[in-house]
1. Name the helices (runs of 4 or more DSSP H) wholly within the stretch 1-87 that hold at least 3 residues that are at pLDDT 95 or above and not charged (D, E, K, R)?
2. All but one of (1) surrounded by 15 or more Cβ atoms within 10 Å (Cβ to Cβ); (2) in contact with a helix residue (DSSP H, G or I) (Cβ under 9 Å, 6 or more places away or on another chain); (3) assigned to a helix (DSSP H, G or I); (4) of a type outside the set (Val, Ile, Thr) hold for residue 193; which doesn't?
3. Can you tell me which of 71, 53, 141 is among the acidic types (Asp, Glu), free of Cβ contacts under 8 Å to residues at least 24 places away in the same chain and more than 17 Å from residue 26 (Cβ to Cβ)?
4. Can you tell me which of 197, 258 is at pLDDT 95 or above, of a type in the set (S, T, N, Q) and touching a Cys at 6+ places or on another chain (Cβ under 8 Å)?
5. Restricting to the stretch 130-153, what's the tally of residues that are in a helix (DSSP H, G or I) and under 20 Å from residue 249 (Cα atoms)?
6. Failed condition for residue 108, given (1) crowded, with 18+ Cβ neighbours inside 10 Å; (2) within 26 Å of residue 165 (Cα to Cα), with all others met?
7. For the stretch 150-176, which positions are away from the ligand (no atom under 16 Å from the Cβ) and in contact (Cβ under 8 Å) with a residue 40 or more places away in the chain?
Amino acid sequence: MANNLLQGKRGIIFGALDENSIAWKTALRVHEEGGTFVLTNAPVAMRLGKISELAKACNSEVIPADATSLEDLENLYQKASEILGGKIDFILHSIGMSPNVRKGKDYGDLSYEFFLKTLDVSALSFHKVMQVAEKLDIMNEWGSIVALSYIAAQRVFPDYSDMAQAKATLESIARSYGYRFAKSKKVRVNTISQSPTKTTAGTGISGFDVFYDYAEIMSPLGNASGGACADYIVSLFSDLTRMVTMQNLMHDGGFSSTGITEELVEKLRKMNG
Ligand SMILES: NC(=O)c1ccc[n+]([C@@H]2O[C@H](COP(=O)([O-])OP(=O)(O)OC[C@H]3O[C@@H](n4cnc5c(N)ncnc54)[C@H](O)[C@@H]3O)[C@@H](O)[C@H]2O)c1
């Protein structure tokens, strides 16, 4: 289904860990559409992951960077513009991690040290990615920057814990930086609020299987897959969406607009005998 939508466009993709990662699927789709890019992930993830396989498949290079480190980001951008031969057109921020979730901490017994780490990795890193990009002036005009969010930013999903605050902050950063970048460089900034997706980060949330199934039943189109998310990201990197900015875009098969579905009614009826 390649249409050369990203022919001639260059960018950076953060967060491909394995073939389930949304960033991994996006890299393959962007490559298919003619885009060229540098892949990056935290140095520790690079050792665990198999990003070099992906790099080979996409004819791209990998530059390690901890997205919370300004020095790492500066180094990444300098090297990326050398490799890609100039300024860039798109950035995907596909990064999330909560030590509180990982350690199974109860929401009433959070570690604040961990909480700050959650916010730094999952939200402030998005600001850092854009601030360093702007300071180094690496974005081309009409470029596009996308980060991934989840509906727990607006509604309570108890097991999502402090990641809910991280996503609310992430979406707010997209609006504030989107305003700034539109004015200075005509660069657009959006978040995509994605359905539950079976990835390392997703399945790390306790009760994931249940809220995956719940969202599936509650979405008229069913859950949006990681592959469908990659397609949507391609559209946002393309010139077909040049006036879309500062938005949190629901990519959820209709979940966020649905009160109840016949399937759920049926299931509850059966439960009640
Ligand atoms: N999976 C879901 O259900 C779901 C739903 C909505 C939104 N999202 C979001 O999608 C994004 C991608 O997650 P995924 O589901 O593909 O899982 P994933 O585990 O494959 O990707 C998360 C990535 O974040 C990277 N990362 C963590 N700390 C980092 C750091 N300090 N610097 C750089 N990279 C770092 C990891 O190495 C990993 O590659 C995340 O923002 C996640 O919150 C996921």
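The values are calculated or read from the model by the stated rules, or taken from the named source; none is laboratory data. This is a predicted model, so every value here is computed, not measured. Cβ: placed from backbone, ideal geometry, glycine included. Neighbour counts: every protein chain shown.
1. On the way: elements: 22-32, 43-48, 51-58, 70-84.
The qualifying helices (runs of 4 or more DSSP H) are 22-32, 51-58, 70-84.
2. Of (1) surrounded by 15 or more Cβ atoms within 10 Å (Cβ to Cβ); (2) in contact with a helix residue (DSSP H, G or I) (Cβ under 9 Å, 6 or more places away or on another chain); (3) assigned to a helix (DSSP H, G or I); (4) of a type outside the set (Val, Ile, Thr), only one is false for residue 193: (3).
3. Working: 53 fails: more than 17 Å from residue 26 (Cβ to Cβ); 141 fails: free of Cβ contacts under 8 Å to residues at least 24 places away in the same chain.
So the residue among 71, 53, 141 that is among the acidic types (Asp, Glu), free of Cβ contacts under 8 Å to residues at least 24 places away in the same chain and more than 17 Å from residue 26 (Cβ to Cβ) is 71.
4. Working: 258 fails: touching a Cys at 6+ places or on another chain (Cβ under 8 Å).
When all the criteria are applied, what remains is 197.
5. As a first pass, look at the stretch 130-153 and keep what is in a helix (DSSP H, G or I): 130-135, 151-153.
From the residues that got through so far, the ones that are under 20 Å from residue 249 (Cα atoms) too are 130, 151-153.
Count: 4.
6. Failing condition for residue 108: (1).
7. Narrowing the stretch 150-176 to residues away from the ligand (no atom under 16 Å from the Cβ): 175-176.
Listed by number, the list holds a single entry, 175.
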